[in-house]
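Read through the structure below, which is laid out as structure tokens, and then see the notes.
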Amino acid sequence: MLSVEPKDRLLAWAACCGEDTFEGFEVYYKTCCDSLNMAASAAVWRAAAIVFLIAVLPTKQTYSKHTNVVLVGATGDLAKKYLWQGFFDLYQAEHAKGNTFSFYGGGRNNVEAGGPLLQEIVTESRKCSTEIDSCIQHRENFVEMVKYHRLKSEDDYAELCKTIEENLKQSELEERGRFFYLSVPPFAYPSVSANIHKFCRPKEPEAWLRVVVEKPFGHDLQSAEELVESLSEFFSEEELYRVDHYLGKQAVEEILPFRRGNWDLEAMWNTEHVERVEIVMKETIDVKGRLSFFDHYGIIRDVLQNHLTEILTLVAMDTPQRGNLSDFQQKKLDLYSQIQPLTSEGSLIGQYEEYNSQWQEELKKEDKDSSQSATFAAVVFTISSDRWKDVPFVVTAGKKLDERVGYVRVVFRKLLADENCVERACPHNQVIFHIGHGKLKVPAVLVSKGLPKPVVPMGWVEYEPPADMEIFDLPASAYHVYSPEVVRDAYSSLIESVYRGQSDRFVSSPHLLASWRIWTPLLKELEGKEPRKYPGGKEDSTLQYVLVDDKLYFLSDLIVDRSDAFAFSTSSSTGTLNLATLPSVFRGQRLVSGESDKVITQLANNIKDIALQTLQTKELFHIAFSGGKSPLKLLNYLVLESERMGFPWKQTLIWFVDERCVPHNDERSNFHFVEKNLLRYLDIPMYNVNPMPVGGAYEECDVNGADQHHSKVSNILDGAFDYVLLGVGSDGHTASLFPGSPALQEQEKYVAITDATGDVEVKQRMTLTFKSINKSGNVGVLLLGKGKHGIVKKLQDGGVDVEKLPITGVKPKQDSMTWYIDHQALFGQE
């Protein structure tokens with residue numbers, strides 16, 4: 001019956017009855033409405049409400065809804081900087097609604113010392129967002145309301161909570177609930193909790209108790225389990241609120257609402273579209289002054305295990321039903337179960353160079369002593385769900401880095417045909433949740449204009465950064481940018497959430513333990529591992545690193561001579577920490593890299609795509625294969641996968657880029673190599689195959705063979721193959737164009753005979769020339785194996801020296817060249 005009435009009208013009536021939720025009013029409303037006709041007019045409905053008010057309420061004394069707030073650790077640094085401001089903001093927001101409060105600050109000092117100190121803190125640190133009369137008056141009232149109590153012994157807690165009860169009774173206040181915020185070290189939680197449980201539970205049956213605790217929530221899985229068990233002796237899960245203040249930051253708060261409100265983008269929130277996710281928190285400050293704490297925990301326990309892992313869950317979890325706490329909790333647990341174990345292999349740690357001297361001075365250590373606590377860490381997560389298979393989540397944090405900034409960056413896969421491509425460099429589309437600081441200074445959500453335009457988040461407005469600002473190497477104008485209308489502190493937001501009972505914004509026991517199960521094995525593996533030393537600051541490039549096959553490597557460990565290393569530029573601004581996947585460009589051309597199997601798979605599929613595209617306008621597809629060992633994996637893949645790929649072999653004509661001057665049935669023959677490893681397994685007519693007419697008598701080519709083949713290529717193709725696959729020798733030769741060879745200067749012929757320089761097996765070879773190669777529609781260059789690392793390094797600087805490095809003379813006129821280089825060749829790794 002109730003479902004026929006709009007809920008906003010019900011809520012309005014509920015407010016009249018002293019209730020602020022529909023659920024609190026429903027039973028009274030239903031009692032009243034059962035005596036009425038549900039089809040009555042609006043006037044009858046209003047009359048029903050009046051009847052309810054007259055008949056039901058006159059015998060009951062109404063009370064204000066009152067909340068008692070106790071801040072334990074009221075004069076500490078956190079309370080001074082953030083918590084009292086948060087409670088003042090709560091008081092301002094709720095006072096206008098008729099809700100009342102009492103505020104008590106507790107500390108270990110006696111009243112004579114602690115009282116004036118607390119008054120000074122509350123007076124000086126409470127700020128109004130605007131200096132209007134009402135806020136100023138609220139501030140004065142708030143300062144007067146805050147009362148100090150010593151909270152050191154059981155008797156102190158008993159006295160405080162006796163005072164609370166007496167104040168409620170004297171003021172005839174009905175208690176809504178009690179809000180305890182424990183801004184004390186974790187070792188004090190058990191004793192404080194025991195006293196709250198014993199003396200301070202509210203007497204009103206309907207009043208709630210909510211207790212807030214601050215991180216750290218344990219040091220590892222075992223200590224977290226012990227902490228959970230000790231607190232569970234005194235509080236139910238519903239009464240306990242573990243604060244991770246990053247969950248109160250506005251950009252983080254917006255992650256799930258943004259996903260829910262933009263279903264076209266949410267439909268792309270998966271492995272098919274997303275290349276990687278970066279979650280980063282960088283700071284420029286060191287840890288001097290808090291080394292006692294930090295040295296015990298390190299950057300992983302201090303930041304990654306809590307703040308950044310919590311953010312990761314919001315990005316990666318399946319979207320829960322709005323307002324359904326159990327669904328939220330289950331989907332978050334499901335995600336934790338899908339995260340693969342973290343290992344030290346590929347995880348990176350560092351320590352700024354001054355750390356040990358600061359540690360020795362602050363903790364009174366001897367010069368011979370040293371600490372291995374990390375002040376920088378980067379870890380890659382992999383998730384085994386269908387949604388995130390093969391998508392790395394890179395989580396990074398550090399102290400004394402190039403800038404102060406925090407962000408989540410969802411990077412989408414490149415579309416090479418994107419109209420925004422400029423000079424072959426296609427920008428990544430991305431969604432960025434800018435947590436704060438950095439260039440933008442304010443919280444923001446940025447969405448590339450190449451993606452569907454997002455819905456403006458509620459309470460947010462479009463924001464125009466400075467026109468000359470670049471964000472991740474793109475102008476700010478390349479993004480839709482949104483920022484909050486009102487910037488709020490994270491603690492203010494979370495304190496309000498505790499008051500409202502929004503427990504999904506806090507860390508539950510099951511989620512806490514699930515997180516520690518992931519991190520504890522890695523922490524054990526990292527024990528005793530020496531962190532990379534780094535000086536820190538804007539000019540420091542020590543920590544530049546790359547993502548390679550779901551593992552992280554310091555760039556300097558992969559490329560020893562970095563004077564001509566790839567230009568990685570994916571940090572939010574130029575600086576020390578440089579997070580990137582593999583470069584996508586080599587010598588100004590497209591680069592495909594990865595483990596050799598992945599490179600070969602991509603190469604085969606690219607050739608097939610080009611073949612099918614060519615056959616849309618032409619009857620045949622012409623491809624020229626190179627010889628040597630590099631193409632063997634490609635040929636094997638084409639044999640095994642041709643049927644699945646649907647490769648159009650019957651419409652494909654096969655040519656060769658070069659050939660040794662030996663008979664075609666000789667093991668040294670490139671034709672024989674391709675025939676043995678590919679042609680004999682395919683249903684392809686032999687007249688589709690065009691071997692070079694080398695003759696091969698006495699390992700010398702027929703002098704007329706090159707002219708014959710030139711004529712054949714000219715008549716059929718006008719010199720332009722649809723695809724040419726090249727290799728590169730360790731001396732830089734390609735095809736059979738060797739350093740210093742006269743064939744390098746051939747400008748008229750498509751085919752030439754050249755001396756087989758450095759080849760002890762034969763004297764001569766026949767080869768395509770630059771005239772033919774550079775006229776081709778597409779050129780792929782394949783380099784596999786650690787043995788090619790030397791030539792790759794020589795080619796990295798982008799210079800051209802055809803006489804010494806003939807491959808540098810390959811410049812297809814249509815600018816359609818792609819390098820296929822595996823990690824072994826690119827980085828010299830096994």
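Suppose a student asked you for the relative contact order of the chain, using Cα pairs under 8 Å spaced at least 6 residues apart; what percent would you report?
About 9 percent, as a whole number.
Say each of Val455 and Ser223 gets a label point 7 Å from the Cα, pointing the same way as Cα to Cβ; how far apart are those two points in nm?
If labels sit at Val455 and Ser223, their model points lie 4.4 nm apart.
With each label point set 7 Å from Cα along the Cα-Cβ vector, what nm distance links Ser711 and Glu206?
10.4 nm
Under the 0.36 nm per residue contour assumption, what length would be gained going from the current alpha-carbon distance of Asn704 and Asn110 to full extension?
Length gained, Asn704 through Asn110: 203.1 nm.
Taking the Cα atoms only, what angle lies between the long axis of helix 111-125 and the longest principal axis of the chain, rounded to 10 degrees?
Rounded to the nearest ten degrees, it is 50.
Would you please give the residues with an amide H less than 5 Å from that of His622, counting only those at least 5 places away or on a separate chain, with H modeled from the backbone geometry?
Answer set, sorted by chain and number: Leu653, Asp722, Tyr723.
Rank Arg680, Arg590 by accessible area, highest first, at a 1.4 Å probe radius?
Largest accessible area first, the residues go Arg680, Arg590.
Could you tell me how many degrees, from 0 to 90 and to the nearest 10, lie between the Cα long axis of helix 22-33 and the main elongation axis, the longest principal axis, of the Cα atoms of the chain?
60 degrees
Below 13 Å, Cα to Cα, which aspartates and glutamates can Lys524 reach? Residues fewer than 8 away in the same chain don't count.
Within the straight-line limit of under 13 Å, Lys524 reaches these aspartates and glutamates: Asp220, Glu345.
Can you compute the equivalent ellipsoid semi-axes for the stretch 327-474, i.e. the square root of 5 times each eigenvalue of the Cα gyration tensor, sorted largest first and rounded to whole Å?
Working: eigenvalues 244, 108, 61 Å².
Sorted largest first and rounded, they come to 35, 23, 17 Å.
Over the stretch 609-710, what relative contact order in percent results from Cα pairs under 8 Å that are six or more residues apart?
Details: 134 pairs, mean separation 27.5, N = 102.
Once divided by the residue count of the stretch 609-710, the mean separation gives 27 percent.
Quick check for you: which residues of the stretch 758-800 have the amide N under 17 Å from the point 7 Å beyond the Cα of Gln745 toward its beta carbon?
What the label zone holds, given the 17 Å backbone N cut-off, is 769-771.
Translational diffusion coefficient, Stokes-Einstein: compute it for the stretch 269-333 using the Kirkwood radius over C-alpha pairs as Rh, at 20 °C and 1.002 mPa s, and state it as an integer in µm² s⁻¹. Present the calculation step by step, with values, prior to reporting the outcome.
Working: Rh = 14.5 Å.
Taking Rh from Cα pairs, D becomes 147 µm²/s.
If Lys and Arg each add +1 and Asp and Glu each add -1, what is the summed charge of the other residues whose beta carbon sits under 15 Å from the beta carbon of Phe647? Don't skip to the end; give the middle numbers.
Details: positive: Lys608, Arg644, Lys650; negative: Asp609, Glu641, Glu643, Asp683, Asp722.
Net of charged neighbours comes to -2.
Once every DSSP H run of n ≥ 4 in the chain is given -39500 (n - 2.57) and the sum is divided by its residues, what mean residue ellipticity at 222 nm do you get, rounded to the nearest 500 deg cm²/dmol?
On the way: 26 runs with 274 residues, N = 830.
Computed ellipticity for the chain at 222 nm equals -10000 deg cm²/dmol.
Could you give the length gained on full extension between Ala188 and Lys288, defined as 0.36 nm per residue of separation minus the Cα-Cα distance, in nm?
Details: separation 100, 0.36 × 100 = 36.00 nm, distance 2.43 nm.
Separation in residues times 0.36 nm, less the Cα-Cα distance, equals 33.6 nm.
Strictly over 22 Å apart at the Cα level, which of Lys551/Lys786; Lys65/Lys147; Lys215/Lys332; Lys127/Lys147; Lys629/Lys786; Lys400/Lys793 would you flag in this model?
Lys400/Lys793
Can you work out the accessible area per residue across the chain, with the rest of the protein chains kept in place, probe 1.4 Å, in square angstrom? Show your work: numbers first, answer last.
Numbers: 37080 Å² over 830 residues.
Per-residue value: 45 Å².
For the stretch 186-271, what is the convex hull (Cα atoms) projected area averaged across all directions, in square nanometres?
Numbers: hull surface 35.2 nm².
Hull-based average projected area comes out at 8.8 nm².
Return the Rg/Rh ratio of the chain with Cα-based radii and a Kirkwood Rh.
Taking Rh as the inverse mean 1/r over Cα pairs, Rg/Rh reads 1.11.
Using the per-residue mean of other Cβ atoms lying within 10 Å as a proxy for protection, in what order, highest first, do the peptides 804-813, 289-298 fall?
Sorting 804-813, 289-298 by mean packing, highest first, produces 804-813, 289-298.
Once both labels are modelled 7 Å past Cα along the beta-carbon direction, what's the Asn605-Lys804 spacing in nm?
Between Asn605 and Lys804, the label points sit 3.9 nm apart.
Counting only residues 5 or more places away or on other chains, whose amide H sits under 5 Å from the amide H of Arg276 once H atoms are built in the peptide plane?
Val411
Give me the accessible area of Lys786, 1.4 Å probe, in Å² rounded to the nearest 10.
Around 100 Å² of this residue is reachable by solvent.
Using a 1.4 Å probe on the protein chains only, how many percent of the accessible area of the chain belongs to carbon and sulfur? Write down the numbers at each step before the final one.
Working: 18380 of 37080 Å².
After summing per-atom areas, the C and S share lands at 50 percent.
Kindly report, to the nearest 10 Å², the accessible surface of Val447 as traced by a 1.4 Å probe over protein heavy atoms only.
0 Å²
What GluC sites (Glu not before Pro) does the stretch 424-524 have in DSSP loop regions with at most 13 other beta carbons within 10 Å? All intermediate terms of the calculation are to be shown ahead of the outcome.
Numbers: sites: Glu462, Glu470, Glu485, Glu496; in loops: Glu485.
Sparse-neighbourhood loop GluC sites (Glu not before Pro): Glu485.
Give me, ordered by chain and number, the residues 5 or more places off Phe586 or on other chains with an amide H under 5 Å from its own placed amide H.
Leu591
Could you state how much accessible area Ser326 has, in square angstrom rounded to the nearest 10, with a 1.4 Å probe and all protein chains kept in place?
Here the residue's solvent-accessible area equals roughly 80 Å².
Taking R0 as 22 Å, what FRET efficiency do you get between Lys127 and Arg404 from their Cβ-Cβ distance, rounded to the nearest 0.05?
Step by step, r from the Cβ atoms, then E = 0.50.
Top to bottom by accessible area (1.4 Å), largest first, where do Glu174, Glu112 land?
Highest to lowest solvent-accessible surface, that is Glu112, Glu174.
The values are calculated or read from the model by the stated rules, or taken from the named source; none is laboratory data. Note that the structure is predicted; figures quoted are calculated from it, not measured. Quick reminder, even Gly has a Cβ in these numbers, built from the backbone with ideal geometry, and neighbours come from all protein chains shown. All accessible areas refer to the heavy atoms of the entire protein, side chains included, with ligands and DNA or RNA removed. Shrake-Rupley method; radii C 1.70, N 1.55, O 1.52, S 1.80 Å.
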